[in-house]
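In what follows, a structure is listed as structure tokens, so that the remarks can point back to it.
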Amino acid sequence: MKEGKLNFDDLRNIILDSRKVKRDEVTIRNDVGEDCSVINFGDYEGIFSTDPITGASENVGKLAVHINCNDIASAGGEPVALLVTIMAPTSSSLEDIKNIMNEISEEAGKLNVEVIGGHTEVTSAVNKLIVSITVIGKSLKGTSISTAGANEGDDIIITKYIALEGSSILANDYENRLKHVLTDKELDEARSLIDYISVLKEGKIASKYNVSSMHDITEGGLLGALFELAMASNKGFIIYEDKIPMLDVTKKIVGEFKINPLRLISSGSMLITSSEGNTVVDALQREGIKATIIGKVTKNKGILVSNGVELEVEEPKRDELFNIK
């Protein structure tokens, strides 16, 4: 099998086949594009999400904390605690594991999230350190937001710039290769983009308004996230390439690797749908968060308008991070 996420149909079949029990307390269930499950605990709802880091070699602990807490933010909740699983190859040192845990602890502390447990193991079953985190969040009863909630006619909003995470990963992992296309200042800028991958602030702000769905843009990039949102909501979309915000340093990086930035891992940018897009954009921008309307939710099909030509968006196969040559 190729690296990356499973085919969407295969993944959905596996998910549906695993649903042997349905409890009344579960108000939002796992599905393709639905990164969080929500359980009713009376006055509050518990929000749960889990994800590993597999595509990066640097800042693994930092990335693991933020991509999982971002899922909670996309559901309109507050991350409270996390559990960490570390699978380390036999070539690892104790110092390697300590460094990752220190990084996780530091980032969790910045978000006021407690590390409450997990599992650490050295095993020949992996050839590099794998970190997987499960985050527990909360929200008031009835306020959690589902990825499946997008409605036809909603504006599609993205925050910040696409491919922030991918740019940072590539700048860290391929510094020598990028030195001939980026200045030292641009390399520093690209590496520092990891500091902008949290979407907790925009999730907190947007959830106060009339948003129908939110989804953080991770593996598979913008087009992958849109495909997931559309599949979860049983809708389509139309977006305009010339409206999609992207940093100049990202353009240079993807040009060097000849990869598509619209399919590059993009933690730090949140996808939001709302019938009142301008209101949501204004609220975010008042708090210093760049936000851009890039299209509309439609009845069916995913369409990217590029140079005036409508292109149907195909199901993403794998993130561009795994296509580096």
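The values are calculated or read from the model by the stated rules, or taken from the named source; none is laboratory data. Just so you know, these numbers come straight off a predicted model, no measurement behind them. Cβ atoms come from the backbone with ideal geometry, glycine included; neighbour counts cover every protein chain shown. Protein only, heavy atoms only, side chains kept; ligands, DNA and RNA dropped before computing areas. Shrake-Rupley method; radii C 1.70, N 1.55, O 1.52, S 1.80 Å.
Consider region 117-151. How many of its residues are touching an Asp or Glu at 6+ places or on another chain (Cβ under 9 Å), at pLDDT 95 or above and open to solvent by 40 Å² or more (accessible area, probe 1.4 Å)?
Total meeting the criteria: 2.
For region 117-143, what are the residues that are outside any loop (DSSP other than H, G, I, E, B) and among the hydrophobic types (A, V, I, L, M, F, W, C)?
Selection gives V122, I130, V131, I133, V135, I136, L140.
Can you pull out the residues in region 6-38 that are open to solvent by 40 Å² or more (accessible area, probe 1.4 Å), of a type in the set (D, E) and part of a strand (DSSP E or B)?
D31, the sole residue that qualifies.
On the basis of being in contact with a helix residue (DSSP H, G or I) (Cβ under 6 Å, 6 or more places away or on another chain) and in contact (Cβ under 8 Å) with a residue 12 or more places away in the chain, does G46 make the cut? Steps first, please.
Details: in contact with a helix residue (DSSP H, G or I) (Cβ under 6 Å, 6 or more places away or on another chain): no; in contact (Cβ under 8 Å) with a residue 12 or more places away in the chain: yes.
No, not satisfied.
Scan the helices (runs of 4 or more DSSP H) fully inside region 153-209 and keep the ones with 3 or more residues being without any contact (Cβ under 8 Å) to a residue 40 or more places away in the chain.
Passing ranges, in order: 184-192.
If I ask for residues that are open to solvent by 10 Å² or more (accessible area, probe 1.4 Å), without any contact (Cβ under 8 Å) to a residue 60 or more places away in the chain and in contact with a Ser or Thr (Cβ under 8 Å, 6 or more places away or on another chain), which ones from region 63-83 would you list?
Answer for region 63-83, where residues must be open to solvent by 10 Å² or more (accessible area, probe 1.4 Å), without any contact (Cβ under 8 Å) to a residue 60 or more places away in the chain and in contact with a Ser or Thr (Cβ under 8 Å, 6 or more places away or on another chain): just L83.
Go through (1) assigned by the TED database to the domain that holds E202; (2) of a type in the set (G, A, S); (3) free of Cβ contacts under 8 Å to residues at least 40 places away in the same chain for G109 and report which single condition fails.
(1)
Give K243, K258 a once-over and let me know the one that is of a type in the set (D, E, K, R), within 12 Å of I158 (Cβ to Cβ) and open to solvent by 10 Å² or more (accessible area, probe 1.4 Å).
K243
Within region 115-123, is even one residue touching a strand residue (DSSP E or B) at 6+ places or on another chain (Cβ under 7 Å), more than 30 Å from M231 (Cα to Cα) and either touching a residue at least 60 places away in the same chain (Cβ under 8 Å) or assigned by the TED database to the domain that holds T279 (or both)?
There is no residue in region 115-123 that is touching a strand residue (DSSP E or B) at 6+ places or on another chain (Cβ under 7 Å), more than 30 Å from M231 (Cα to Cα) and either touching a residue at least 60 places away in the same chain (Cβ under 8 Å) or assigned by the TED database to the domain that holds T279 (or both).
Against the condition assigned to a helix (DSSP H, G or I), outside the structural domain of M270 (by the TED database) and of a type in the set (A, V, I, L, M, F, W, C), how does V80 come out, does it pass?
No; evaluated as a whole, the condition is false for this residue.
Which strands (runs of 3 or more DSSP E) sit wholly inside region 270-325 and have at least 1 residues that are within 21 Å of E241 (Cβ to Cβ) and open to solvent by 70 Å² or more (accessible area, probe 1.4 Å)?
It comes to 291-298, 309-312.
In region 163-185, how many residues are surrounded by 18 or more Cβ atoms within 10 Å (Cβ to Cβ) and over 21 Å from T54 (Cα atoms)?
Counting residues in region 163-185 that are surrounded by 18 or more Cβ atoms within 10 Å (Cβ to Cβ) and over 21 Å from T54 (Cα atoms) gives 2.
Check off (1) surrounded by 24 or more Cβ atoms within 10 Å (Cβ to Cβ); (2) under 14 Å from D155 (Cβ atoms); (3) of a type in the set (G, A, S) for G221 and give me the number that stays unchecked.
(2)
Check whether at least one residue in region 99-116 is surrounded by 16 or more Cβ atoms within 10 Å (Cβ to Cβ) and in a strand (DSSP E or B), and report yes or no.
yes
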